[in-house]
Amino acid sequence: MGKIYDIFHGPRRRFAWFVVVLSSLFLISWIVGPGHTFFHWAKAAIEVRRQEKVIENYEAENAELDRRINMMKNDRDTLEKFAREQYNFAVPGEDVYVVE
């Protein structure tokens, strides 16, 4: 603690105080000043994480849709069930009742 006291009360005290004040102003401007500050970086990091979660959700949804498409291409029963449920298709002579 004595060395720090000597720095700020010795022959070069003005320079030491100048460095402390200048460094403090720089840190304050970096944290809350205009432009690309620490807060902007934090907000950007949060936004990136949120966007990555959205991308993961879309990729999972895309994989599910690909699975369903493959099922409909390869399984005639699944395709028939989908057509009946979504588009109310029926075989000739069959009665269709739509309940909503």
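Read-outs throughout are calculated quantities, based only on the coordinates presented, and are distinct from any laboratory measurement. Since the model is a prediction, treat every value here as computed from it, not as a measurement. Cβ sites come from the backbone with ideal geometry, for glycine too, and all protein chains shown count toward neighbours.
Annotations
- For segment 19-34, putting each phi into the Karplus relation 6.51 cos²θ - 1.76 cosθ + 1.60 with θ = phi - 60° gives couplings of 5, 5, 5, 4, 5, 5, 4, 4, 5, 5, 5, 5, 7, 10, x, x Hz, in residue order, rounded to whole numbers and with x for Gly and Pro.
- Candidate cross-link partners of LYS81 among the aspartates and glutamates, defined by an alpha-carbon separation under 20 Å and a same-chain spacing of 8 or more, comprise GLU64, ASP66, GLU94, ASP95, GLU100.
- Across segment 81-90, rounded Karplus estimates of 3J(HN,Hα) from the backbone phi angles (6.51 cos²θ - 1.76 cosθ + 1.60, θ = phi - 60°) give 4, 5, 5, 5, 6, 7, 10, 6, 6, 8 Hz, Gly and Pro being marked x.
- Radius 13 Å from Cβ of ASN62, net charge of other residues (Lys, Arg +1; Asp, Glu -1): -3
- Spatially, segment 53-100 and segment 1-49 are offset by 61 Å when compared through their Cα centroids.
- The chain: most fluctuating residue of GLU80, GLU59, GLU47 per GNM, C-alpha cutoff 10 Å: GLU80
- Karplus (6.51, -1.76, 1.60) ³J(HN,Hα), θ = phi - 60°, over segment 41-53, in Hz, Gly and Pro reported as x: 5, 5, 4, 5, 5, 5, 5, 5, 4, 5, 5, 5, 5
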